[in-house]
Structures are given as structure tokens and as C-alpha cells.
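Asks: I have a structure here, written as C-alpha cells, and I will follow up with some questions on it.
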Amino acid sequence: MSNYYLGISAFYHDSAAALISENDIIAAAHEERFTRLKHDQSFPAHAVRYVLNEAGLGIEDLTAVAFYDKPFLKFERLLETYHAFAPKGFQSFLSAMPIWIKEKLFMRNLLWNELKTIHGQPFVHKPPLLFPEHHLSHAASAFYPSPFDEAAILTIDGVGEWATTTIGFGRQNAIEILRELTFPHSIGLLYSAFTYYCGFKVNSGEYKLMGLAPYGIRNTSQFKRYKDGILDELLDIREDGSVLLNMDYFDFATGLRMCNDNRWEALFEVPRRESESDLTQPYMDLALAIQEVTEEVVVKLARTAKQLTGSNRLVLAGGVALNCVANAKIEGAGIFDAIWIQPAAGDAGGALGAALAARHIWKGEARTRSDQDSDAMKGAYLGPDYVQRDIDRLKNKFQATWRRYPEFDLLCAETARLLAEGNVIGWFQGRMEWGPRALGNRSILADPRNPEMQKRLNLKIKFRESFRPFAPSVLSEDAREYFDIETASPYMLLVASVTDRHRKAALPNDPADIRDRLYRLRSDIPAVTHMDFSARIQTVHKETNERYWKLIRAFKQQTGCGLVVNTSFNVRGEPIVCSPQDAYQCFMRTDMDWLVINDCLFEKSSQPKWEETREWRQEFQLD
């Protein structure tokens, strides 16, 4: 009988579930995709049901269930932290303790109650319930699916139980943690503090801060003052990459906010930005300053990982591993021959890591790999897919209309033609992606050559901040034609510069209004070229996503351009779409022109007026 392991992450942010067997990752999904609540932190009941159904299993069929951290260790950290900082933080203590005493201290019972609800009846047999440490779950998610037999392991996030950063070494089945940095000293929490101070939401706005950084201007006294202030007052960076934070400036240990606003305002001479207020140059320079400091730290940590392990390979996980600019700095430093990053590097990925730790460490099962040159992630296409009857329901529910293309190559040719004409297209195919990036199965696509496309996508499709850049999906065989990149980037976790032959003349990065700088023409693929000529790249490989590869190839055949704009299929504030219904609703609420679901092509102008449908009226309480 095969062994099956269920991994769960929950109750902080980005709850998720993953199911693996003794030789395969079967399925993995974020709870938010089913509940439509972005960063849903509740128990991932929908995701658990999905991954079990994918394998036709019940909970009693499992070899083990693994939760992604140790609640008692986290509780210990909270108590010791409040004691160390007392009487400061009493208000935070009062708000946190009832939840812990009522629920989280009894995590085992809470998990079994939730699993019993899914099971639907009393258990005859309960599989073992395991609790690997948080950073071990991250480490397992990075090492075991990687294509490497042995590798240095670097995990960096805000905080787990106590650890905020670990360096480890993986070989065959074993993972050894060699160094650990502990709370409250955390480069992840420092970056989140700047996210908060620049007016973005912690645990979801960090990528906005990264996207804002290229608007900063290095050669100014203001930028130098900001960076010096960080290095002189906020933290001490050691040569090995460890950091010590000056906790006089931070409130996250015991308070209800990230930093001491008054002290930061005195240090930087600019107040905390209010959400949705204008983005002015000081906040752009702050974003650049903390981005450069973060890059310095992670490169030093990578060098230390190399020194401690002697390995020529590095794997990465933890929320900071989603900082694709910092990842590119490690890649460019030449410290390792190869690096690999878990596509769900944040807390959701802990579900997969917990299951993998259960399999390889607790059960002792050997790693299996049929192809040593590829990873075990299946391109990160691990979520649900849908069939024609699911699309047919759109006709009954929304009176939707479409055309079917039995020959997929003809659908690709037509979609490529529509893209070349300037249309924005929702693209929905196969299994949903695992991780925060849309990788061509739940994507919104457009023509990267169109100089108006970046503005249109942000304002009319995504309803988000105008400064946000868009990523290119490029045929893997054409990547070096457009970008200075030497390695594959299938999970959109590296940035690279546009090659000189595709650039326009360099333009000054002056203090002009952000919108004036934003819409200057920088390359012949302007919709995916950021302020500093960089792009967050997805290389598309025929072996892992033939349908998406065929579409981009068809676009190249018609235009000579081997890439498309790829942004996640959602609007601001909502998760990436999961089902055909999610996709159709998003399509109808935005200025998208066309929608493709599997082999069906939907034209916006042929659909019934959305505001006249019963579903729309009920949703917005007009009936």
C-alpha cells in the first residue's frame, strides 16, 4: 500500500494544504483560492478536501498529517518576549493571550476537530499528527523538491517559532540546520516595517515595496541619509549576514504595530505614509534604501551558507525568498553554480514542506528523482483543473456565450492575433498554479510591445497602483535574446535586465512626478520594462506547460516577438481565480476584451450586459 502525507499551514496567513505520496507531489492549493478571501488564514478545509479528492483518499488513508510549525514553541516565544519587554506591550499581551489560551495552545484538538468535520464521521483510525518546526518546513520545501542531491539551504522570513533565518545543509534524506538567527532580529520583519511605514499592508505589500524601489534615486543626499540612517541606527549587519535590530525603533515584539512611528519620523524626517495617499520621492528613496540593505544581507548569508556547507548549490525558501531582486543578486554574485527557489516560498509552502519532512525525516523514505536536471514541482501546476461541464454551467448561470476550438493550434493562432491587435485576454488552462505567481494557467495576457499597455492593465484591468510593473513570459529558448539571464526562471523568482539591443536610450531617473517617469519609453518591450530596465521573468518551457508555450510561439510567429505580458488573473484585493466561474466574473467586471477557458473563446461584446444579470444584482444587493 502506498504512503500518503497531508501537509497543512494555517492560522497566520496564506493557509494551504498539500498532499504527497511516496514518489510524487499529488496536489497543493491555497485556501484563499476557494474562499475568495485574500491571504485567508483559516483552517484550509477547502484545500484539504481538494487535495484528498485529487487522490481519491480519506483522512484515514493517510500515513501522517503534518502541521507546519510547533505551536508550543511559538507560545514560549510570545511569553518570553512579553516578559523581557514588560511592562511595555501589556495591551498587545491582553489582545493575544485569550486567542492562544482558547485555541492555539490546544492545536492538536483544533486540528482533529477540523479534520473530523471533513471526514464526516468519528475516526476508526487516526493517522499520526506531526509538528515539524516552521523553518524546517521551509527548508524541506526548498530542498526535497529541488533537482539537487545535496545543497546549502537558506530560509529567511519574518519569524517562525523563534528562528527568523536558518542556514542548513541537505543531503539525500537528511537536513541539518547549521546556523540560526532568532527573534526579534529579522531582516524579514525589518523589510515588513518599511512596508508598513511606506503605506502598504504587512504580509502582502512587500512586493509593492520591491516594485517601488527602482523609482528611488541613488545619487542624492536624501537617499544617502536614508540608507545611512538604516545602517547606523536601525540594525547592525555582521559579516556573516546576521543582523541585530535596535529594538528602540520597533514595536512588533510586543506592540500592535511594526515600528515606533515617532522615532522613525525623527530619523528619516518624513511621516509614515497613509495608505492610498500620493507616493512622493522620500518613500521611493526609502524603498530603494531598504531594498539595497536587504540585498546586502541575503548575499552575505549566501556566502556564509557556502562557507559552512562547501556546496556548489543553494536552495531558498521563506517569505524573503520571494524578493526576486535579491535572488538575482545571489545569482549574479557567482557564489553557487546553481540555485533553486521554492515557488511557494512563503507560509503556504510550509504545508508542502511539512508533508515532505514527514515523508523523508519522520518516515525515512528515500528521495526519488527520475530526471536529475528537473525539479519535482511539475511546473507548480498542482491545483484543480476543470472540464467542459464546468464551463457549460456559465451558460445557465450567466447566459454566457463562447466559441469552441477543437484544434488547439487554431485557438492559439486566433488568441495571438487578438493580442497583437492590442486586446487584453484572460487565459485559463489546466491546473491552477501553486504559489503567489500566475504562471500561464491563471493569467491575464497582453502585447509587451504596446507602450500604453502597462497603464491600461494597472488602471482598467487590475485596478491597482499605477507604478506597479508587469512581468514577461518568454519562450525559454528566446530568453537570452531579450534579457541578460543565464539560467531558467520558470517560477518568476528572478529579475534580469533587458538586453542592450532591445533598449531605447537611457533616460535620467529624476525627481519628476512618478507618472511622468513611469510612461517614458525605455525599450521595444515597454509594457514589461521597469524603471531600471529590469523585468521579473518567467521562462516558459514546452516540457512543463506546452499549451502556454504554444500560445507564445504563435504570437512570435505572427509578430516576431517571443514573449507576452503575464499578470495574475485577478483584480486588486482578490485572490487569483480558481474556477471558470471566478474567471468569468473577473472578466466581466474589468475591461478585459476576451477570455479563453480551455478550448473556449469568450468575446466581451457578445456577453449579456453584466449589470443586467441576476447574479450581479444579487452580489451587489440590488435585488
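What follows draws every value from the coordinates through simple rules; no lab data is involved. Owing to the predicted nature of the structure, the values given are computational and were not obtained by experimental measurement. Note that we place each Cβ from the backbone using ideal geometry, even for glycine, and neighbour counts take in every protein chain shown.
Asks: Provide Rg and Dmax in Å for the range 110-211, with only Cα atoms included in the calculation.
Replies: Cα only, the range 110-211: 18.0, 53 Å (Rg, Dmax).
Asks: Based on the Cα coordinates of the range 388-619, what is the per residue volume of their convex hull in Å³?
Replies: Dividing the Cα hull volume of the range 388-619 by its residue count gives 124 Å³.
Asks: Same structure again: Which percent, nearest 5, of DSSP beta bridges in the chain are antiparallel? Don't jump to the answer; show the numbers that get you there.
Replies: Values: 55 of 76 bridges.
Roughly 70 percent of the beta bridges in the chain run antiparallel, per DSSP.
Asks: While we're on this one: Can you give the Rg to Rh ratio for the range 455-570, taking only C-alpha atoms and Rh from Kirkwood?
Replies: 0.97
Asks: Looking at the range 387-441 from every direction and averaging, what is the projected area of its Cα convex hull in nm²? Present the calculation step by step, with values, prior to reporting the outcome.
Replies: Values: hull surface 20.5 nm².
Over all viewing directions, the range 387-441 projects a mean Cα-hull area of 5.1 nm².
Asks: Give me P(r) over the range 371-509, computed from all C-alpha to C-alpha distances, binned every 10 Å, as integer percentages.
Replies: Over the range 371-509, the share of Cα pairs per 10 Å bin runs 9, 29, 39, 17, 5, 0 percent.
Asks: What ³J(HN,Hα) values, in whole Hz, does the Karplus curve 6.51 cos²θ - 1.76 cosθ + 1.60 give for the range 459-475 when θ = phi - 60°, with x put for Gly and Pro?
Replies: 8, 9, 10, 8, 6, 10, 4, 5, 6, 5, x, 10, 9, x, 9, 10, 3
Asks: Taking R0 as 56 Å, what FRET efficiency do you get between Asp248 and Phe408 from their Cβ-Cβ distance, rounded to the nearest 0.05?
Replies: Numbers: r = 61 Å, r/R0 = 1.09.
Between Asp248 and Phe408 the formula returns 0.40.
Asks: At R0 = 45 Å, how high is the FRET efficiency between Ser605 and Asp232 if r is their beta carbon distance? Nearest 0.05 is fine.
Replies: Values: r = 59 Å, r/R0 = 1.32.
FRET efficiency, Ser605 to Asp232: 0.15.
Asks: Under the Karplus relation 6.51 cos²θ - 1.76 cosθ + 1.60, θ = phi - 60°, what is the ordered set of whole-Hz ³J(HN,Hα) values for the range 259-269, x standing for Gly and Pro?
Replies: 9, 7, 4, 5, 5, 5, 5, 5, 6, 9, 6
Asks: Shape verdict for the chain, please, from the Cα gyration tensor: rounded (a/c under 1.5), prolate (a/b greater than b/c) or oblate.
Replies: Note, shape of the chain comes out rounded.
Asks: List the residues of the range 563-588 whose backbone N lies under 16 Å from a point placed 7 Å from the Cα of Lys397 along the Cα-to-Cβ direction.
Replies: Zone members listed by number: 575-588.
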